[in-house]
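The values are calculated or read from the model by the stated rules, or taken from the named source; none is laboratory data. Model, not experiment: these values are computed from the prediction. Ideal geometry is used to build each Cβ from the backbone, glycine not excepted, and the neighbour counts take in all protein chains shown.
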Amino acid sequence: MCQTKNAYSTLDDDMGGIVTSVVEPSQTKLETALGHKVSSKVFDALCSKYANPSPAIHDDLQIRGQTELQNDERNGRPNVVHFQRPTGQARNPQTLLKVSQDIEGTLQEIKEEPEWQGLRDQIQAIVNQMINVQTMICLGLGNWAPRESFQRTNCFVVQYAVFKYMCEKVDENWRNKCASRGTNYEPLERYFQDPAFDEQTKYLLQGVSRPSDPSTNIVIVDPAAANMIRNNKNVFVFAPHLNCNIWPEILSLLPQVFIGNSPNGFGGRDVAAIETYVRECKVIGSDDVGPRFNDLQAIFRETDTMYRQSYLEQGPVDPSHLADLTIYQLSK
């Protein structure tokens, strides 16, 4: 049972903040529904996290940005997020230029160093099996921040460089296919979505030029990425450590390739199940598992049926940067 002293209230924001009942999530009932034990430490931590009834549950399985923009009706494309040039000493152009150089250096290492051969082989194998993928989407990249002293590498730099390498290989494959078919080649479309992006990171993605990277980064806001996948399954999604309640929903849209949280890793299925259950208790006014929880389990079952899964090779970086990521390839 949850050890937190705080009660859970059935507080639905649509009900005007009226408390209708008090419930406490049951770890025993959750484990019975899952068919296996879960971490009591994680369960208690999430109980404590959501003891305050104020967080809304209604958008648990959606990617919510700070602002939602409608698609441009003239061309069917999602609107671009326009950045403001960062100001202040901590955000000076020289600092961001150095970050860009670090990205280029890491990208070169990925292409050349023997320690990255496993990842290179995996990406090439994926590319060889893809069908008409012209769109790359990066979800949940997070903001750039200076490297911690105890880390060998910078998380943002590594994850961006890995995504850039994937983009290059997919674009090369598409260009070759267009040439063999005698059709016009159009460069790969590259999108980034994360509600946490600050102006510094948007500028780094869109405003800092890189001589070896003429392609354009397009920053979009929710629900653009989900809509793009819903309208065209031929996309490659890279979602390093996306929130555990979001990546299952993205997978349910059946993108052709998805790289994200491993089922049994940090932020995997158990964490998603616990968080969904704990947050739903206050809405349904019961410690029984609810429809959101059941929908989540149905997504997991469909994922196992629809996708081939394999672990992503990590390379010589800090374990937290690429660890516990799985490649999901849509079965033909």
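Answer with yes or no whether D318 is at pLDDT 90 or above, more than 29 Å from Q129 (Cα to Cα) and surrounded by fewer than 23 Cβ atoms within 10 Å (Cβ to Cβ). Here the answer is no, as D318 does not meet what is asked. Of all the criteria given as (1) buried (at least 17 other Cβ atoms within 10 Å of the Cβ); (2) within 30 Å of K111 (Cα to Cα), the one not satisfied by Q309 is (1). For the range 216-251, the set of residues classified as touching a residue at least 24 places away in the same chain (Cβ under 8 Å) and of a type in the set (D, E, K, R) consists of D222, K233, E249, listed by residue number. In the set R279, R308, R301, only one residue is part of a helix (DSSP H, G or I) and free of Cβ contacts under 8 Å to residues at least 40 places away in the same chain; that residue is R301. Comparison of N128, N132, N143 shows that the only residue that is within 29 Å of L254 (Cα to Cα) and in contact with a Ser or Thr (Cβ under 7 Å, 6 or more places away or on another chain) is N143. Do we have any residue at all in the range 229-241 that's out of contact with any strand residue (DSSP E or B) (no Cβ under 7 Å at 6 or more places or on another chain), assigned to a loop (DSSP other than H, G, I, E, B) and closer than 16 Å to G142 by Cβ? So far as the range 229-241 goes, no, none of its residues is out of contact with any strand residue (DSSP E or B) (no Cβ under 7 Å at 6 or more places or on another chain), assigned to a loop (DSSP other than H, G, I, E, B) and closer than 16 Å to G142 by Cβ.
Each residue in the range 261-282 was checked for being at pLDDT 90 or above, under 16 Å from the mean Cα position of the chain (by Cα) and of a type in the set (F, W, Y), and 0 of them qualify. Can you tell me which residue in the range 35-52 is nearest to V271 (Cα to Cα), limited to those that are among the hydroxyl-bearing types (S, T, Y) and at pLDDT 90 or above? If we take residues in the range 35-52 being among the hydroxyl-bearing types (S, T, Y) and at pLDDT 90 or above, then S39 is nearest to V271 (Cα to Cα). The residues of the range 34-52 that are closer than 14 Å to C281 by Cα and small (G, A, S), listed by number, are S48, A51. Note on the range 124-169: among residues that are of a type in the set (K, R) and not in a helix (DSSP H, G or I), the one that is modelled with the highest pLDDT is R147.
Does V289 satisfy being in a loop (DSSP other than H, G, I, E, B), out of contact with any Leu (no Cβ under 9 Å at 6 or more places or on another chain) and buried (at least 18 other Cβ atoms within 10 Å of the Cβ)? In short, no.
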